[in-house]
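Scroll down for the structure; my scribbles are underneath it.
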Amino acid sequence: MPEICSQITFFYYRNFERARDFYERIMGFELADDQGTCRIYRVQGTAFLGIVDENHGHCSAPVNESSVLVTLVVNDVREWWEHLRRENVTITSELLLKPEISIEAFFFEDPEGYALEVQSFLKPELRKVFSQE
């Protein structure tokens with residue numbers, strides 16, 4: 001099978017500058033490549049998120065609700081909860097403890113309504129798989 005070296009998810013925006021500020025200042029993602037109307041951020045390792053000005057990209061920004069969910073696996077869900085609340089980010093759920101699937105999580109939206117989740121696996125074997133401490 002041919003090798004896959006990394007992965008990029010692209011989101012498309014009407015207000016590109018607002019999205020840039022969100023992912024750089026609030027989320028703290030490292031800029032990996034600035035193509036002018038597209039910016040690619042390293043989320044972790046070889047996982048990347050690209051933001052694109054919809055006037056120059058292959059797709060369009062969502063019209064209604066997001067049909068995509070990006071999950072960020074973290075060590076401390078509550079630390080992210082507090083950080084995003086301080087930044088007045090739209091949080092769309094409570095802190096969720098789901099023992100039936102062994103996760104702690106919450107959901108939020110970026111400036112144009114894309115759905116994101118912060119999640120921590122609680123099972124030690126899964127924490128190892130997803131590079132949690």
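The values are calculated or read from the model by the stated rules, or taken from the named source; none is laboratory data. Owing to the predicted nature of the structure, the values given are computational and were not obtained by experimental measurement. Here Cβ is always computed from backbone atoms with ideal geometry, including for glycine, and neighbour counts include all displayed protein chains.
Here are a few things to note about the model shown:
- Among the numbered conditions (1) among the hydroxyl-bearing types (Ser, Thr, Tyr); (2) within 15 Å of Ala19 (Cβ to Cβ); (3) in contact with an Asp or Glu (Cβ under 7 Å, 6 or more places away or on another chain), the only one that Ser66 does not meet is (3).
- If you go through the stretch 8-31 and pick out every residue that is in a strand (DSSP E or B) and more than 13 Å from the chain's Cα centre (by Cα), you end up with 3.
- Filtering Ala115, Ala105 for residues that are in contact with a Lys or Arg (Cβ under 9 Å, 6 or more places away or on another chain), closer than 29 Å to Ile4 by Cα and not assigned by TED's automatic domain parsing to the domain that holds Thr9 leaves a single hit, Ala105.
- Failed item in (1) surrounded by fewer than 14 Cβ atoms within 10 Å (Cβ to Cβ); (2) in a strand (DSSP E or B); (3) not polar (S, T, N, Q), with Ile4 passing the rest: (2)
- When Val43, Val52, Val74 are checked against the criterion of being farther than 22 Å from Phe130 by Cβ and not small (Gly, Ala, Ser), a single residue qualifies: Val52.
- Of the criteria (1) surrounded by 11 or more Cβ atoms within 10 Å (Cβ to Cβ); (2) out of contact with any helix residue (DSSP H, G or I) (no Cβ under 6 Å at 6 or more places or on another chain), which one Glu87 fails: (2)
Quick grid of which residues meet (1) closer than 30 Å to Arg14 by Cα; (2) in a helix (DSSP H, G or I):
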{"site": "Phe48", "(1), (2)": "yes, no"}
{"site": "His83", "(1), (2)": "yes, yes"}
{"site": "Ala105", "(1), (2)": "yes, no"}
{"site": "Val118", "(1), (2)": "yes, no"}
{"site": "Glu125", "(1), (2)": "no, yes"}
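- Any hit, the stretch 53-74, residues being touching a residue at least 12 places away in the same chain (Cβ under 8 Å), among the charged types (D, E, K, R) and exposed (fewer than 13 other Cβ atoms within 10 Å of the Cβ): yes
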